[in-house]
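Reading through the structure tokens given below for one structure.
The values are calculated or read from the model by the stated rules, or taken from the named source; none is laboratory data. Just so you know, these numbers come straight off a predicted model, no measurement behind them. Here the Cβ positions follow ideal geometry from the backbone for every residue, glycine too, while neighbour counts run over all protein chains shown. Quick note on the areas: whole protein, heavy atoms, side chains included, nothing else; ligands and nucleic acids left out. Shrake-Rupley method; radii C 1.70, N 1.55, O 1.52, S 1.80 Å.
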Amino acid sequence: MDMERNLRKTTFRLYPTPKQEVALQSLLRSHQQLYNAALEERIDCWRKTGKRLSYADQCKSLTVLRRELPEWAEAANCSSQQMTLRRLDKAFAAFFRRVKAGQAPGFPRFKSLQRFPGFSFKTHGDGWRFTPGADWRHGTLRLLGLGHLRARGQARQGGDVRASDVLHRDGKWYLSLTLDIGTPQRQRTSNAAMAFDWGVETFLTGVDHAGEDVRLDNPRWWQSEKDHIKELQQSVSRKRNKRSNRRRKAVQRLSRARAKTARRRLDWAHQQTAKLARHYALVATEELRIANMTRSAAGTMEEPGRGVAQKAGLNREILDTAPALFTSLLRCKVLETGGEWVEAPTRKLKPSQRCPACWALAIKSLSMRMHACAECGHTEPRDLASARVVLSWAMGTHHGQELAGIGTRERPYETPSSAQQRVE
Ligand SMILES: [Zn+2]
């Protein structure tokens, strides 16, 4: 991690007055119109000349637009408008990247006001300023032409304000601030090591350096919120008339429930990852392979892949428990406390196929939840076994065996016991 720029995002809810609400709406509309106009400019230019417009080209067009038509110059801050052009540029970059990779991505779309996510500001003080309350609890956002907006929320740690996004979701306004928090303040309480894998029954399954299980259960409210959202989904799909008021209300209830669940899960993930990072000096896991695991195993209708049913079920579980979010939070916090974050090379190491006791490889299908080694007879649940393999590799304690093409990891980390042995 970059030690000089330790950036962190934190979100506040904005409470505009009715007058400010109208102004925010028109600001949002001006950015949406700019986005769509810039998209049209790109398409037009491509059709007429076969040339691709770049971000810099479009910034030049914006300058002309602001000079010739004062309503564009008055509508919004210039660097903020540039950020909207940047947003479109990113959409195109992602599109071309996926085309190049042989995928079939959707072409960047014109966005309706409802679907337009918001707008951004770059340099603090350029058209906007955020003043936090005491201890970074709540605060005020001053926007040029709108005055002071009330912001409610709490940053876990304050810092220098760098950039911001004003987001519009489900009729509510949010401020997402990017803070440079400088040197982190968190402290670690122990020098333990652990490796983890995603559980199916539990949220996370792991082992620590002493061989003890580390388990993190799904919170109890998880299932009931899932059921609740399912009910709301069914209620929406029962209302066939797309224009009816009752359907609109049902959609609103659903999206509110989803937002609430997402917030609750994020809070939970923050708490749990903070707890883990306080305790472990080394945390190891497999390279993030969620994209691989969740990529449909189905193949096509004509040529279905193998293990479709299991994998579909597994996909749901994986997507459901949101490991990507959890992993990135945990990684961030482990590094902040000066700990080590290790990602084991899944393809070479094959943790789910390998016996943690004798290191022999044996193919296991996804439905086999138990590891039972044909070589040495070692038996334990699959998730635990693969976490143990990852931890062994990360700590370099896999019985001194050189793994073909994997080698041992170079590590500054020492387990509490090996550090002690060296002293004696
Ligand atoms: Zn074995």
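A few comments on the model shown:
- Elements of type strands (runs of 3 or more DSSP E) contained in the range 333-393, each with 3 or more residues being open to solvent by less than 50 Å² (accessible area, probe 1.4 Å) and more than 16 Å from the ligand (Cβ to nearest atom): 340-344
- Single unsatisfied condition, residue 63 versus (1) polar (S, T, N, Q); (2) in contact (Cβ under 8 Å) with a residue 12 or more places away in the chain; (3) more than 20 Å from residue 174 (Cβ to Cβ): (2)
Yes or no, residue by residue, for (1) open to solvent by 60 Å² or more (accessible area, probe 1.4 Å); (2) touching a residue at least 40 places away in the same chain (Cβ under 8 Å); (3) over 30 Å from residue 152 (Cβ atoms):
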position	(1), (2), (3)
18	yes, no, no
30	no, yes, no
39	no, yes, yes
49	yes, no, yes
58	no, no, yes
70	yes, no, yes
73	no, no, yes
94	no, no, yes
99	yes, no, yes
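- Test for residue 314: is it in the same structural domain as residue 202 (by TED's automatic domain parsing), at pLDDT below 80 and not hydroxyl-bearing (Ser, Thr, Tyr): yes
- Against the numbered list (1) assigned to a helix (DSSP H, G or I); (2) in contact with an Asp or Glu (Cβ under 9 Å, 6 or more places away or on another chain); (3) open to solvent by 40 Å² or more (accessible area, probe 1.4 Å), residue 45 comes up short only at (3).
- Of all the listed residues (8, 87), the sole one being of a type outside the set (Ser, Thr, Tyr) and open to solvent by 50 Å² or more (accessible area, probe 1.4 Å) is 87.
- Residue check for residue 157: open to solvent by less than 40 Å² (accessible area, probe 1.4 Å), over 23 Å from residue 282 (Cβ atoms) and not in a strand (DSSP E or B): yes
- Residue match in the range 255-262 (condition: closer than 18 Å to residue 193 by Cα and at pLDDT 80 or above): no
- Meets criteria (crowded, with 16+ Cβ neighbours inside 10 Å and under 20 Å from residue 177 (Cβ atoms)) for residue 125: no
- Check on residue 131, open to solvent by 10 Å² or more (accessible area, probe 1.4 Å), assigned to a strand (DSSP E or B) and either touching a Lys or Arg at 6+ places or on another chain (Cβ under 7 Å) or among the hydroxyl-bearing types (Ser, Thr, Tyr) (or both): yes
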